[in-house]
Amino acid sequence: MAETTVNADPQELAKFGDLAHRWWDPEGEFRPLHQINPLRLDWIASQAELAGREVLDVGCGGGILAESMARRGAKVLGIDLSTKPLRVARLHAMEASVASLDYREVAVEQLAAERPASFDVVTCMEMLEHVPEPASVVRACATLVKPGGWVFFSTLNRNPKSFLFAIVGAEHVLGLLPKGTHEYARFIRPSELARFARDAGLEADALKGMSYNPLTRRYWLGEDTDVNYLMACRRPA
Ligand code: SAH
């Protein structure tokens with residue numbers, strides 16, 4: 001694990017490290033990420049060109065999104081601060097012989113200092129709600145993207161409904177996620193994320209909600225941003 005002075009919570013990183021070997025099991029603890037991946041990938045690709053572009057995936061974990069973007073022809077760098085998920089991601093990419101896919105254990109703030117304005121697309125999915133200072137991550141993403149490029153975030157909204165659905169429902173009733181996966185106080189309202197983005201010089205361009213039906217066990221993208229949502233931002237050219 002990287003040093004603890006960076007903008008990261010060691011307990012959060014350890015949680016993902018402990019489950020890393022299960023990352024690519026489509027029926028395991030990360031089943032929700034496997035299920036939502038085609039939806040978010042299509043949404044990203046509907047707005048930003050991926051083929052041949054330089055893409056950064058921040059908080060990539062075991063590489064579900066990063067690898068899928070590389071399969072669409074992007075040159076992808078995935079970064080995370082949890083060592084084991086990165087090891088799993090590298091192994092999976094090797095076994096699946098996915099080209100143009102690299103992984104690195106580095107803080108996004110450090111990469112921003114090393115390589116400003118280097119990426120056409122930056123994605124940061126289901127990660128901000130695990131970080132002590134999400135605004136700092138948003139700033140770093142804004143620094144890393146090229147002028148005219150895209151930054152995509154996804155996270156959990158903060159309101160009574162999201163508490164009920166994302167914590168009580170998903171962790172305690174349905175068992176979709178391990179108990180303790182999410183902490184309510186770290187959830188982020190779309191208005192707060194939009195402010196972080198604006199303060200970082202990004203324009204919040206589009207907002208999409210993600211919903212889940214426990215009966216059909218299906219996710220879909222729509223207008224309901226009450227629980228899980230995605231935000232597309234642009235850095236002005
Ligand atoms: N973005 C991936 C994984 C989401 S799980 C996906 O959506 O498929 C959350 C990930 O964020 C974990 O891999 C965890 O290690 C990572 N993470 C948590 N805090 C982080 C930080 N401060 N810096 C980088 N990654 C972090």
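Observations, loosely collected:
- Selection status of Ala14, open to solvent by less than 50 Å² (accessible area, probe 1.4 Å), among the small types (Gly, Ala, Ser) and in a loop (DSSP other than H, G, I, E, B): no
- Subset of the stretch 17-49 [within 12 Å of the ligand (Cβ to nearest atom), in a loop (DSSP other than H, G, I, E, B) and buried (at least 18 other Cβ atoms within 10 Å of the Cβ)]: Leu19, Trp23, Trp24, Phe30
- Per-region count, the stretch 181-225, residues assigned to a loop (DSSP other than H, G, I, E, B), over 18 Å from the mean Cα position of the chain (by Cα) and among the acidic types (Asp, Glu): 2
- Selection count where residues are touching a residue at least 60 places away in the same chain (Cβ under 8 Å), farther than 18 Å from Trp23 by Cα and surrounded by 24 or more Cβ atoms within 10 Å (Cβ to Cβ), scope the stretch 50-86: 2
- Flag for Arg40 being within 23 Å of Arg186 (Cα to Cα) and modelled with pLDDT of 95 or more: yes
- Residue in the stretch 133-146 that is surrounded by 14 or more Cβ atoms within 10 Å (Cβ to Cβ) and assigned to a strand (DSSP E or B) present: yes
- Within the stretch 87-107, the only residue that satisfies the criterion of being of a type in the set (Ser, Thr, Tyr) and open to solvent by less than 30 Å² (accessible area, probe 1.4 Å) is Tyr103.
- Qualifying residues in the stretch 226-237 (those that are of a type outside the set (Ser, Thr, Tyr) and part of a strand (DSSP E or B)) - the one surrounded by the most Cβ atoms within 10 Å (Cβ to Cβ): Cys233
- Gly52 meets the conditions (1) more than 10 Å from the ligand (Cβ to nearest atom); (2) assigned to a helix (DSSP H, G or I) in every case but one. The failed one is (2).
The values are calculated or read from the model by the stated rules, or taken from the named source; none is laboratory data. Since the model is a prediction, treat every value here as computed from it, not as a measurement. Here Cβ is always computed from backbone atoms with ideal geometry, including for glycine, and neighbour counts include all displayed protein chains. Side chains are part of the model used for accessible areas, which takes the heavy atoms of the whole protein and leaves out ligands, DNA and RNA. Shrake-Rupley method; radii C 1.70, N 1.55, O 1.52, S 1.80 Å.
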